[in-house]
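Report on one structure; see the data block that follows.
Readers should treat all values here as calculations from the given coordinates under stated rules, not as data from a laboratory. Owing to the predicted nature of the structure, the values given are computational and were not obtained by experimental measurement. Every residue, glycine as well, gets a Cβ built from its backbone with ideal geometry; the counts of neighbours run over all protein chains shown.
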Amino acid sequence: MDMLLSGIGMLMNFDVLLALLIGSIGGVIIGAIPGVGPAVAIAILLPATFALPPLVGLVMLLGIYGSSMFGGALPAILINTPGTAVNALTTYDGHPMTQRGEALRALGLAYGASFVSGILSILALILLSPVLAKIAPMFGSKEIFLAALLGLVLVVIAHRGQTLAAGMLAGLGVFLGTVGLEPLKYTQRFTFGQEWLASGFDLIVIVLGLFALSQAFLLLSEPESAPETPPIKGSMGRAMLRIFKYKRLAVSGSGFGVLMGMIPGVGEFTAQFLSYNYAQKTSKNPDAFGKGSPEGLVASESANNAVPAAAMIPLLALGIPGEALTAMMLSVFYVHNVIPGPQLFQGQIDFVYALYAAMIILNVIVVLFMLISSNLLLRIIRIPTRFLGVMILTLSFVGVYSLRNSVVDCAIAAAFGWFGLILKRQNLPAVPIVLGLVLGGIMETKFRPAMNRVSVFGDFFERPIAAFLGFAILCLIVGHFASLYREQRNRQPSPDHDMHDSFQR
Amino acid sequence: MFQRNARPGELVFAAGFFGFSVLLLILIPWQTQWVPRSKLFTQPAFWPGIAIIVMTLFSAGHLFCVLCANRLPGLAEELAAWARALEFVLWFIVYVWLVPIIGYLIATIAFTCALSFRMGYRGARWMGLAAVFGLGVVVLFNGLLGVNIPSGDIYELLPAGALRSFLMTNF
């Protein structure tokens, strides 16, 4: 309890609260603009936070991360265009409700579900923290290596219908992390004798290229669009309170979000899928799903907003990011000399509580902002897409150039931006590259000490957590092949990746 | 896993990625070193080798699937779209090149106005918006947040004094 109070005390500082306010409101606005999204915003702002104190920089980016999905629901419901990729499922039921004249009800339910799940997921984390503090120190080199490998396997097989592409892109990420001077024998790897390659590829440069610059290039090279939307009329507060009619679904969606968010490499899409399926199967009116069902909307929004808090578990406890945004957050931690992992829970548990408290406050700020700002946000989402491209390109420069004032970094980011554009046009995911880069580095670092005490293969799995993780990896791979075999046998084609465009946003 | 339809350009992408992976695989002996009397997992080539083998195997599988799939028409249009985006890569590089010469403020306002003009926003209102946006970005990041962007050579032409120092620090 003392640590919890100490953590809350760390937040009671003008700079921290201001950063939280800016991050939370900025996140909603960024999430509401289709084509920007939290990855672009965090990538651009990341270098700007380097000069700030650790907690100030972190809560600002945490604000963007935690609040963008609130904003992303607005265009998903009103103009059938998700503000962020994870709001795609919201369009299924949210937009038909708008077409029926129930826009206010849909927005109220979406915001209400997001708020309830955001708070529930953080409370779950606070309750889980003492358990984490006990379990995290049991993770040695072998366990962290296996947890990182598990994350990589999950991120590959979670891309159903694109497993091979996800695997090759994850491999590319691991390879990119090995380029440059290696720290053990001090030899150069794949530098081709070029001095500018000796320090390797910077994560932030690649992230800015793949997420921000690629989006700018895509917006600039595609036809213009500027959506028109009618204003929202009525009491948003009353609309939000209607979420209590669907409290069972909000709680179950939060549960799925927390569970899936905790597993590296899984994330919002799987949580939403499970929550939506559960809601449909237990509904009295399952045929309405996909045609404007409030239950479907609540299931989708509650699951996706529970994930950001839960995704902080593997990041904080083990230093293992589960998706691209937490990978970016990891680099912020490192820059501020906060090393996530078991020692954080032992030595700086008050800092962890401060982050949890910040997440609760950001949810409250966002809901208060949403009560009064939906019509203001409608004006912001009308920014013409090509002008938005100009804005993102200008802001991306700050992100890349301010790192090391290097023209080479900018050229590398531009090259990855062009590569990211091709990935987006091909509807292929960029996330496996980023996770491969981060998790590959962790795996290489941990594998050497882990192997030092291994004489036969079985030694690697002699400790219970390592054995459990190894068994989980094996089960996932076998299970994946078994499901592929069943699909072929039952002649049920796996989802064709032409059927969705979630990676083009 | 086995797609029924391949997007236009997917074959080019898959073949290019596979070719790149094979090239890296061939280059391993020249681009990494083998250190004598060291265990396999401590060799500098170990992790790049694993990564490239993963890339090669998965990209070979991906290419095979694309070859087996029904390829949708529109290859030329897709390749043209990839090439069209290179124009904006060039815009970005020119902007990066200009900043250390003419300074962050002038380069940013010139960039936002010129690119907005190129994208069809040609009225006085749009030019004004582009200029205000450029100014806002510079003031926010360089002036208020103190982001590390060096001053342009152009400011060296100004007479020494407070104004020059102010411009060099903030713009």
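Computed from Cα atoms, the angle from the helix B:10-31 axis to the main principal axis of chain B rounds to 80 degrees. Against chain A, whose longest principal axis comes from its Cα atoms, helix A:385-404 is set at around 30 degrees. In whole Å, how far is the Cα centre of the range A:92-148 from that of the range B:47-91? Rounded to whole Å, the Cα centres lie 34 Å apart. Between helix B:124-138 and chain B there is an angle of about 80 degrees, using the helix long axis and the longest principal axis of the Cα atoms. Each Lys and Arg Cβ is given +1 and each Asp and Glu Cβ -1; about its Cα centre, the protein assembly as shown then shows a dipole of about 1040 debye. Structural descriptor for the range A:85-224: relative contact order 9 percent, calculated from alpha carbon pairs under 8 angstrom and at least 6 residues apart. Projecting the Cα atoms of B:VAL89, B:PRO159, B:LEU129 onto the dipole axis of the range B:83-170, where Lys and Arg carry +1 and Asp and Glu carry -1 at the beta carbon, places B:LEU129 farthest toward the positive end. Taking the Cα centre of chain B as origin and assigning +1 to Lys and Arg Cβ atoms and -1 to Asp and Glu Cβ atoms, the resulting dipole is close to 280 debye.
Take each peptide in B:16-23, A:10-17, A:108-115, count the other Cβ atoms within 10 Å of every residue, and average; sorted highest first, the result is A:108-115, B:16-23, A:10-17.
Identify, among A:PHE273, A:MET12, A:PHE211, the residue whose Cα sits farthest towards the positive end of the charge dipole of chain A, taking +1 on the Cβ of Lys and Arg and -1 on the Cβ of Asp and Glu, with the dipole about the Cα centre. Positive-end residue among those listed: A:PHE273. With a 10 Å cut-off around each Cβ of B:104-116, the average count of Cβ atoms from other chains is 2. Panel note: the C-alpha atoms of the range B:83-170, placed on their principal axes, show extents of 44, 28, 25 Å (largest first).
Pick out, from A:ILE320, A:ASN304, A:VAL400, the residue whose Cα sits farthest towards the positive end of the charge dipole of the protein assembly as shown, with +1 on the Cβ of Lys and Arg and -1 on the Cβ of Asp and Glu. Of the candidates, A:ASN304 comes out farthest on the positive side. The lysine pair count for chain A, using Cα distances under 17 Å and pairs eight or more places apart or on different chains, is 6. Taking the three principal axes of the alpha carbon atoms in the protein assembly as shown, the coordinate ranges are 73, 70, 64 Å, sorted in descending order. Separation of the range A:210-285 and the range A:1-75 by C-alpha centroid, Å? For the range A:210-285 versus the range A:1-75, the Cα centre distance is 19 Å.
Normalising the average separation of contacting C-alpha pairs (under 8 angstrom, six or more residues apart) by the number of residues puts the relative contact order of chain A at 28 percent. Take every pair of alpha-carbon atoms less than 8 Å apart whose residues are at least six positions apart; their mean separation over the length of the range B:5-73 yields a relative contact order of 58 percent.
Taken about its Cα centre, the range B:83-170 carries a charge dipole of roughly 320 debye when the Cβ of each Lys and Arg holds +1 and the Cβ of each Asp and Glu holds -1.
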